[in-house]
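The values are calculated or read from the model by the stated rules, or taken from the named source; none is laboratory data. Everything numeric in this text was worked out from a predicted model, so none of it was measured. When we count neighbours, we look across all protein chains shown, and the Cβ atoms used for this are built from the backbone with ideal geometry, even at glycine. Areas reflect the complete protein model, heavy atoms only, side chains present, ligands, DNA and RNA absent. Shrake-Rupley method; radii C 1.70, N 1.55, O 1.52, S 1.80 Å.
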Amino acid sequence: MSKGKIRLISELPVIVSKYKKKGKTIGLITGCFDILHIGHIALFQSAKNQVDILIVGVENDETIRKSKGVNRPINNQNSRTRFLEAVQYIDYVFPIIDTFDYSNDKEATRIHSNILKTVTPHYLITTKKMDKYWKSKEKRANKLGINLLDINYEKSKSTTKIVEHLLSEL
């Protein structure tokens, strides 16, 4: 993989360890990030204001189809990862290879616990008022000694609402 922001998850333990030895705080956000919008930027900016190193995991296309429907994602995982690479608030981006269904808590727990065990951030970052799975995420994180960091910002857009609006215009 390149030596830029986009990394494989297997590269992150060494990177994270180096920053932790320097006393830096590490934050992790995972998600879809299909059509990048100002709400995403606000999330990343707010998160970066609270951690030294911000790492973002990008879900694969099949996971998104399982959770958001057959017409999603609009942009494939490679494109979404590259979009996030360009965001100044993000230090590292990695593609999430494993596929899971959020409605299957056992499966989601297994995949996300493996991600948390590999990356070992200080904080798992989400926005409780917009993340219907935040309680499960908090439980997983706490089992591993990782804190859930709730970023509270005004989300003016969502990818789902953008897609619905575009479809209504057709």
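Overview of results
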item	result
Condition met for Leu84 (part of a helix (DSSP H, G or I), touching a helix residue (DSSP H, G or I) at 6+ places or on another chain (Cβ under 9 Å) and crowded, with 20+ Cβ neighbours inside 10 Å)	yes
Filtered residue count, segment 1-15, keeping only those that are open to solvent by less than 30 Å² (accessible area, probe 1.4 Å) and either farther than 25 Å from Asn78 by Cβ or part of a helix (DSSP H, G or I) (or both)	2
Residue tally, condition within 13 Å of the chain's Cα centre (by Cα) and assigned to a loop (DSSP other than H, G, I, E, B), over segment 16-39	4
Those residues of segment 54-75 which are in a helix (DSSP H, G or I) and in contact with a helix residue (DSSP H, G or I) (Cβ under 8 Å, 6 or more places away or on another chain), in sequence order	Asp61, Lys68
Number of the exception - Lys18 against (1) open to solvent by 20 Å² or more (accessible area, probe 1.4 Å); (2) touching a residue at least 12 places away in the same chain (Cβ under 8 Å)	(2)
Extreme residue, farthest from Ile29 (Cα to Cα), among residues of segment 115-141 that are modelled with pLDDT of 95 or more and either open to solvent by 70 Å² or more (accessible area, probe 1.4 Å) or of a type in the set (Phe, Trp, Tyr) (or both)	Lys117
Filter result for the condition that a residue is in contact with a Phe, Trp or Tyr (Cβ under 8 Å, 6 or more places away or on another chain), more than 23 Å from Pro13 (Cα to Cα) and modelled with pLDDT of 95 or more, over Gln50, Gln45	Gln45
Matching residues in segment 69-89 - criterion: being closer than 25 Å to Asp105 by Cβ and either at pLDDT 95 or above or in contact with a Ser or Thr (Cβ under 7 Å, 6 or more places away or on another chain) (or both)	Gln77, Arg80
Pairs with Cβ under 6 Å, 6+ apart, first in segment 97-124 and on the phi > 0 side of the Ramachandran plot, second at pLDDT 95 or above and of a type outside the set (Lys, Arg)	Thr120/Val16
Given (1) surrounded by fewer than 19 Cβ atoms within 10 Å (Cβ to Cβ); (2) assigned to a helix (DSSP H, G or I); (3) under 14 Å from the mean Cα position of the chain (by Cα), number of the condition Asn78 does not satisfy	(3)
Failed criterion for Val51 (all others in (1) open to solvent by less than 20 Å² (accessible area, probe 1.4 Å); (2) out of contact with any Gly (no Cβ under 9 Å at 6 or more places or on another chain); (3) part of a loop (DSSP other than H, G, I, E, B) hold)	(2)
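Quick grid of which residues meet (1) open to solvent by 20 Å² or more (accessible area, probe 1.4 Å); (2) of a type outside the set (S, T, N, Q):
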| position | (1), (2) |
| --- | --- |
| Ser46 | yes, no |
| Gln88 | yes, no |
| Tyr92 | yes, yes |
| Ile96 | no, yes |
